[in-house]
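**Student:** What follows is a single structure, and I will ask about it in a moment.
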Amino acid sequence: MSSQMLSTAVVHPLVLLNISEHTTRTLAQVKRGKITAPQYMCGAVLGRQVETKFEAFLSFELKLNEASTERAEFDLEHFTVRLEQLKIIFPSYDFIGWYAVSTSRKLTPGIAQLHEQIIASHASAILM
């Protein structure tokens, strides 16, 4: 992507539904005591970007690397495998960005670290 600003962003309802389900399921598991409350929930977004138009059609949950205690990191193996699987089914869609839902309602250092990890291999990735 060039350094131009996006003129249009279209988000398919399925992406919004996936993000909502991911958040609701995680918070329900916290409420039942099955997991501890995460600082944020993250997922990948697939779609198309043509010039300044961004279209998001699919999303999937990203696993965080539990072994890393000093930095927030994605499980890159899970991300790569899942992305390859979806590219087989939807060859015209590309990884265009990712989402983060934070309980703090602001950009946290962990989210910034995750974004750095993403843009290291996908320079034009958008954070939703």
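**Student:** Collect the residues in the range 33-57 that are at pLDDT 90 or above and over 17 Å from HIS122 (Cα atoms), keeping them in residue-number order. Outline the logic, then answer.
**Tutor:** Looking only at the range 33-57, we keep the residues that are at pLDDT 90 or above, and these are 42-48, 55-57.
Across the range 33-57, the qualifying residue is only PHE57.
**Student:** If you don't mind, another one. Could you grab me the full set of residues in the range 115-128 that are more than 24 Å from HIS12 (Cα to Cα), surrounded by fewer than 16 Cβ atoms within 10 Å (Cβ to Cβ) and of a type outside the set (D, E, K, R)?
**Tutor:** Taking the range 115-128 first, the residues more than 24 Å from HIS12 (Cα to Cα) are 116-117, 120-121.
Cutting the leftovers down to surrounded by fewer than 16 Cβ atoms within 10 Å (Cβ to Cβ) gives us 116, 120-121.
ALA120, SER121 - these are the residues of the range 115-128 that are more than 24 Å from HIS12 (Cα to Cα), surrounded by fewer than 16 Cβ atoms within 10 Å (Cβ to Cβ) and of a type outside the set (D, E, K, R).
**Student:** A follow-up question, please. Counting only residues that are within 20 Å of TYR40 (Cβ to Cβ) and aliphatic (A, V, I, L, M), which one in the range 85-114 is most open to solvent (accessible area, probe 1.4 Å)?
**Tutor:** Within the range 85-114, the match that is most open to solvent (accessible area, probe 1.4 Å) is LEU107.
**Student:** If you don't mind, there's one more thing I want to ask. Filtering the range 39-51 down to residues that are over 14 Å from the mean Cα position of the chain (by Cα) and under 28 Å from ILE89 (Cβ atoms), which residue is surrounded by the fewest Cβ atoms within 10 Å (Cβ to Cβ)?
**Tutor:** Filtering the range 39-51 for residues over 14 Å from the mean Cα position of the chain (by Cα) gives 39, 48-51.
Right, trim to under 28 Å from ILE89 (Cβ atoms) and you get 48-51.
On the way: ARG48: 14, GLN49: 17, VAL50: 8, GLU51: 11.
Per the criteria, the residue is VAL50.
**Student:** Across the range 11-38, what is the total count of residues that are in contact (Cβ under 8 Å) with a residue 12 or more places away in the chain and either in a strand (DSSP E or B) or surrounded by 12 or more Cβ atoms within 10 Å (Cβ to Cβ) (or both)? Steps first, please.
**Tutor:** Kept after step one, since they are in contact (Cβ under 8 Å) with a residue 12 or more places away in the chain, are these residues of the range 11-38: 11-12, 14-15, 18-19, 22-23, 26, 37-38.
Add one more test, that the residue is either in a strand (DSSP E or B) or surrounded by 12 or more Cβ atoms within 10 Å (Cβ to Cβ) (or both), and what stays is 11-12, 14-15, 18-19, 22-23, 26, 38.
The number of residues fulfilling the criteria is 10.
**Student:** Now for a separate question. What pairs come out if I take residues in the range 91-114 that are of a type in the set (Lys, Arg) and pair them with residues that are surrounded by 13 or more Cβ atoms within 10 Å (Cβ to Cβ) whose C-beta lies under 7 Å away, six or more apart or interchain?
**Tutor:** none
**Student:** Now a separate question. So VAL101 clears everything in (1) farther than 15 Å from GLN39 by Cβ; (2) aliphatic (A, V, I, L, M); (3) in a strand (DSSP E or B) except one condition, right? Which one?
**Tutor:** Tallying (1) farther than 15 Å from GLN39 by Cβ; (2) aliphatic (A, V, I, L, M); (3) in a strand (DSSP E or B), VAL101 fails exactly one: (1).
The values are calculated or read from the model by the stated rules, or taken from the named source; none is laboratory data. This one's a predicted model, so the numbers in the text were calculated from it and none came from an experiment. Methodologically, a virtual Cβ is constructed for each residue, glycine included, from the backbone with ideal geometry; neighbour enumeration extends over all protein chains shown. Only protein heavy atoms, including side chains, enter the accessible area calculation; ligands, DNA and RNA are left aside. Shrake-Rupley method; radii C 1.70, N 1.55, O 1.52, S 1.80 Å.
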